[in-house]
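As C-alpha cells, the structure follows; a few thoughts come after it.
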Amino acid sequence: MSTLGFTLSRHEVILRQPFVTSLRSVDRYPVISYTISDESEIRGVGECVATPVIIGDSLGQIEQDLKGRISPALANVSELEEGLAILATLEIAPSSKAAADMALHSYFAARLNLTLCSQLGSRA
C-alpha cells in the first residue's frame with residue numbers, strides 16, 4: 001500500500017438553541033475535520049471539537065497532534081487494526097485520538113466498499 005494523505009479543515013456549527021451545563025453555555029463551536037485519503041481517492045473522515053473546560057484540550061493542541069504526531073505515525077498503515085494499535089500508543093489529546101479513530105474506521109470501510117455502519121456490525 002502507498003503512503004496515505006492527511007488533511008485538516010475547520011468549520012463552525014451553530015446550534016439552534018444554546019447547550020447549557022453547569023460549566024458553560026455554548027451556542028456555536030468550531031469543528032476540526034481530519035481526512036485520510038489515498039491515491040485512489042478513497043477517503044475517510046473523522047471530526048472532533050475542543051473541550052477545554054471538560055478535558056483541557058484546545059483547537060491548537062488537536063491540530064498539532066493530528067499534523068505532527070498522528071499523521072506521520074499513520075502514514076504507512078495498511079490495515080485498520082494496525083492503525084488502531086498505533087493510535088493506542090500515542091500520548092495525545094482524547095479529542096485528537098477520537099478524530100483519527102473515526103477517520104481510520106471510515107477510510108478502511110470505504111476501502112472495502114462498505115458503509116461505516118455495516119463495517120461496525122450494524123444492520124441499519
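Readers should treat all values here as calculations from the given coordinates under stated rules, not as data from a laboratory. The model shown is predicted, which means the values in this text are computed figures rather than measured ones. Backbone-built Cβ (ideal geometry, glycine too); neighbour counts: all protein chains shown.
Computed from backbone phi, the HN-Hα couplings of region 111-123 come to 4, 8, 6, 10, 6, 4, 4, 5, 4, 7, x, 7, 9 Hz, rounded to whole numbers (Karplus: 6.51 cos²θ - 1.76 cosθ + 1.60, θ = phi - 60°; Gly and Pro given as x).
Cα centroids of region 1-25 and region 27-77: 10 Å apart.
Taking θ as phi - 60° and the Karplus parameters 6.51, -1.76 and 1.60, the scalar couplings of region 55-68 work out to 10, x, 8, 9, 4, x, 5, 4, 4, 5, 4, 5, 6, x Hz in sequence order, x denoting glycine and proline. A Cβ-based charge dipole, computed about the Cα centre of region 24-124 with Lys and Arg at +1 and Asp and Glu at -1, lands at about 280 debye. Between LEU15, LEU84, LEU66, the Gaussian network model of the chain with springs among Cα atoms under 10 angstrom shows the greatest mean-square fluctuation at LEU15.
Taken along its principal axes, the alpha carbon cloud of the chain reaches lengths of 47, 35, 22 Å, longest axis first. Qualifying trypsin sites (Lys or Arg not before Pro) in region 1-69, where qualification requires a DSSP coil assignment and no more than 12 other C-beta atoms within 10 Å, comprise ARG24. The H on the amide N of ASP57, modeled in the peptide plane, is under 5 Å from the matching H of THR51, each at least 5 residues off or on a different chain.
Give me the angle, in degrees from 0 to 90, between the Cα long axis of helix 80-89 and the longest principal axis of the Cα atoms of the chain, rounded to the nearest 10. Between helix and principal axis, roughly 50 degrees. Structural descriptor for the chain: relative contact order 26 percent, calculated from alpha carbon pairs under 8 angstrom and at least 6 residues apart. Remark: the ILE55-GLU79 segment gains 5.6 nm on full extension, using 0.36 nm per residue and subtracting the alpha carbon distance. Inter-label distance, THR7 to LYS67: 1.6 nm, where each label sits 7 Å from its Cα along the C-beta direction.
In sequence order, region 100-106 has phi-based couplings of 5, 4, 5, 5, 4, 4, 5 Hz under the Karplus curve 6.51 cos²θ - 1.76 cosθ + 1.60, θ = phi - 60°, and Gly or Pro positions carry x. In a DSSP loop and with at most 13 other Cβ atoms within 10 Å, the trypsin sites (Lys or Arg not before Pro) in region 76-124 are ARG123. A dipole drawn for the chain from +1 and -1 charges on Cβ atoms has a positive end, and of PRO72, ALA99, THR3 the residue lying farthest that way is ALA99. Is any residue of region 61-78 close enough, with backbone N under 17 Å, to a label point placed 7 angstrom from the Cα of ARG24 along the Cα-Cβ axis, and if so, which? Answer for region 61-78: 61-63.
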